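Heads up: the structure comes next, in structure tokens.
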Amino acid sequence: MRFADEFRDPALARTLVAEITRLADGLAAHAARPLQVMEVCGGHTHTIFRYGLKDLLPASIEFVHGPGCPVCVLPMGRVDDCVAIAEHPQVIMTTFGDAMRVPGSKKSLLQAKADGADVRTVYSPLDALKLAQAHPDREVVFFALGFETTMPSTALTVLQAEAMGVRNFSLFCNHITIIPTVKAILDSPDLQIDGFLGPGHVSMVIGSTPYEFIARRYGKPLVIAGFEPLDILQSLWMVILQLAEGRSEIENQYRRVVPEPGNTPALQAIARVFELREFFEWRGLGSIDHSGIRMREAYAAFDAERRFSVPNLKIADPKSCQCGEVLKGVIKPPQCKVFGTLCRPDTPLGALMVSSEGACAAHYQYARIAMPERSTAAVAVPS
């Protein structure tokens, strides 16, 4: 724990906050609105709220929560497709735990399990492959999710299945890519983002070079950030410093983990097994070109979408749920009209309240607890 404690030092945090405040307040004096910095990754969102970083920072800085939670951006239609595969009597559907409760138009995987489908939680695709070996008379499907962070493990599992001759294992592939997503955000007329905290885990795989277009074409700074409190604060300071100095560059605060060229063996495995889809549907963001991947023809035997019949329908989110606006950073979670009432972690209407990386879950778990304390402290008690 001593290593982690070094990135949670209160004295260093206060020093960073003071310098961030000085720079941000100087910029705010010439601006009509707060500086808006988007943390792309849901892991960053949870760090910000868990450690109260938002409350330490001045009003001249505003965090905008990005779409970097793969479970949160999964559209209802894809959940329905997954449920349809899971309900085949010969199928064992496997998935990560946070995908179990994401609502489809009729039911979630957890509800399908309650109705009799064989749905099991696994910790890695290799666990699913072991199940396929243990049950050669069943079809084991892995619900593959995630940005580039989890793609390598999925690709390597397919290569392992091929090498071992396991033929009753397949993927329902819903992996997505980060770069087209950020570009779609930058092209959105609703947003005025001044800078980005880039995702650390994704960048561990793809490196820093793919982000160069953000600084070059859009003139926005991006700093790849780690996940501890001091990581977030240092990365934010680096973004604000660029803005104060009139620079737009891609910088890497998370150098202890993220190499500039990325992880070459991981990228090679991804390229061998997967190819880009022409477009992919996102919850709340619509269709984004080249933002999803699928199995290459050479690995069609491991593609659950080719093995099983799926509805493949586009299903709109409930009108009361505003996950899309939250994902795009247009509104904050508490501004959603069902936040904390009809939509809570125990009864989620949208995926942002389900996932451990969802912005709504972060607000519900951490921010809402602090709000009464802040409001009470602000009330003047007459003497």
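The values are calculated or read from the model by the stated rules, or taken from the named source; none is laboratory data. This one's a predicted model, so the numbers in the text were calculated from it and none came from an experiment. Note: ideal-geometry Cβ built from the backbone for every residue, glycine included; neighbour counts use all protein chains shown.
When residue 81 is tested against the conditions (1) in contact (Cβ under 8 Å) with a residue 60 or more places away in the chain; (2) among the acidic types (Asp, Glu); (3) in the same structural domain as residue 202 (by TED's automatic domain parsing), the lone failure is (3). The lone criterion from (1) within 17 Å of residue 271 (Cα to Cα); (2) out of contact with any Ser or Thr (no Cβ under 7 Å at 6 or more places or on another chain) left unmet by residue 176 is number (2).
Of the helices (runs of 4 or more DSSP H) lying entirely inside the stretch 306-383, the ones with 1 or more residues being modelled with pLDDT under 85, outside the structural domain of residue 192 (by TED's automatic domain parsing) and over 17 Å from residue 73 (Cα atoms) are found at 368-378.
Figure legend. Inter-residue proximity from the stretch 218-233: first residues on the phi > 0 side of the Ramachandran plot, second residues in a loop (DSSP other than H, G, I, E, B) and among the hydroxyl-bearing types (Ser, Thr, Tyr), beta-carbon distance below 6 Å, spacing 6+ or different chains. Indicated pairs: 219/248. Note on the stretch 252-273: among residues that are hydrophobic (A, V, I, L, M, F, W, C) and closer than 15 Å to residue 178 by Cα, the one that is surrounded by the most Cβ atoms within 10 Å (Cβ to Cβ) is 270. Across the stretch 56-70, the qualifying residues are those that are without any contact (Cβ under 8 Å) to a residue 40 or more places away in the chain and part of a strand (DSSP E or B), and the one among them that is nearest to residue 39 (Cα to Cα) is 63. Can you name every residue in the stretch 277-295 that is in a loop (DSSP other than H, G, I, E, B) and either surrounded by 14 or more Cβ atoms within 10 Å (Cβ to Cβ) or not charged (D, E, K, R) (or both)? Selection gives 277, 283, 284, 285, 290, 291. Based on what the data block shows, is residue 208 in contact (Cβ under 8 Å) with a residue 40 or more places away in the chain, surrounded by fewer than 24 Cβ atoms within 10 Å (Cβ to Cβ) and either β-branched (Val, Ile, Thr) or closer than 20 Å to residue 266 by Cβ (or both)? The answer is yes for residue 208. Here 24, 11, 32, 4 are screened, and the one residue that is part of a helix (DSSP H, G or I), free of Cβ contacts under 8 Å to residues at least 40 places away in the same chain and not hydroxyl-bearing (Ser, Thr, Tyr) is 11. Looking at the structure I just gave you, is residue 46 out of contact with any Ser or Thr (no Cβ under 6 Å at 6 or more places or on another chain), within 24 Å of residue 176 (Cβ to Cβ), outside the structural domain of residue 167 (by TED's automatic domain parsing) and not charged (D, E, K, R)? For residue 46, the condition - out of contact with any Ser or Thr (no Cβ under 6 Å at 6 or more places or on another chain), within 24 Å of residue 176 (Cβ to Cβ), outside the structural domain of residue 167 (by TED's automatic domain parsing) and not charged (D, E, K, R) - is met. Within the stretch 35-68, can you find the residues that are crowded, with 18+ Cβ neighbours inside 10 Å and more than 30 Å from residue 149 (Cα to Cα)? If the condition is that a residue be crowded, with 18+ Cβ neighbours inside 10 Å and more than 30 Å from residue 149 (Cα to Cα), then 60 is the only one that fits. Name the single residue that is nearest to residue 133 (Cα to Cα) among those in the stretch 85-114 being surrounded by fewer than 19 Cβ atoms within 10 Å (Cβ to Cβ) and touching a Phe, Trp or Tyr at 6+ places or on another chain (Cβ under 9 Å). Looking at residues that are surrounded by fewer than 19 Cβ atoms within 10 Å (Cβ to Cβ) and touching a Phe, Trp or Tyr at 6+ places or on another chain (Cβ under 9 Å), I get 88.
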